[in-house]
Amino acid sequence: MHRHAPADTRTPRRQERDAHPRFPPADHRHRRTPRRCGARLPARQVTIDGRVVAESTHPLLVHETGLPVRYYLPPEDVDLTLFEPTDSHTTCPFKGEAAYWTYRGAAGDEAEPRPDVVWAYPQPIEKVAEIKDHLSFYDSVAKIEISE
């Protein structure tokens, strides 16, 4: 009898975390460095299923040990009408508790929902306070492009 593996029901964030080695307890060995981009840099455009959902010329770039660089966009640069908050929360020992949103698309669109595709830290820990309320997207679902 051949058994099929169950479908992976983990969120993209959990899948990404599980793919990387576990981090030690929060201490000086784990680096997370938010850096603000200057206004002269090219725009960062985020699309989901071909639809522009965000555009920013002043994202925060977060460099974190063992993870890809993440763009954290100010909320005013994201079309939040396309997203719905979820009950999902995760805790990162280096940034705090994250809240998530699901992509729903515009009213009347028949967009495929993309659960927990964007997250933010409403109350980040003090060392990364500047990322408060900035939003980041999973690049496995959202396409992040830099315009020249």
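The values are calculated or read from the model by the stated rules, or taken from the named source; none is laboratory data. What you see is a predicted model; the values in this text were computed from it and never measured. So basically every Cβ, Gly included, is an ideal-geometry build from the backbone, and we count neighbours across all protein chains shown. Calculation scope for accessible area: heavy atoms of the full protein, side chains included, ligands and nucleic acids excluded. Shrake-Rupley method; radii C 1.70, N 1.55, O 1.52, S 1.80 Å.
Per-structure values
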quantity	calculated
At 1.306 mPa s and 10 °C, Stokes diffusion of the range 61-148 via Kirkwood alpha-carbon radius, µm² per second	115
Accessible area in the full protein assembly, largest first, 1.4 Å probe, for His63, His89	His89, His63
Nitroxide proxy distance, nm - points 7 Å out along Cα→Cβ at Leu67 and Asp79	2.7
Heavy-atom accessible area order for Thr47, Thr91, largest first, 1.4 Å probe	Thr91, Thr47
Probe 1.4 Å, all protein chains present, accessible-area order of Trp119, Trp101, largest first	Trp101, Trp119
With all protein chains modelled, accessible area of His134 [1.4 Å, Å²]	20
Tensor-based shape of the range 97-136 (alpha-carbon gyration tensor, a/c under 1.5 rounded, otherwise prolate or oblate)	prolate
At R0 = 35 Å, FRET efficiency that the Cβ-Cβ distance of His58 and Asp87 yields, to 0.05	0.70
Spatial separation of Cα centroids for the range 118-148 and the range 39-79, in angstrom	7
In Å², nearest 10: area of Ile144 left accessible to a 1.4 Å probe	50
Other-chain or far-sequence residues with amide H under 5 Å of Thr57's (modelled H)	Arg44
Other-chain or far-sequence residues with amide H under 5 Å of Ser88's (modelled H)	Tyr100
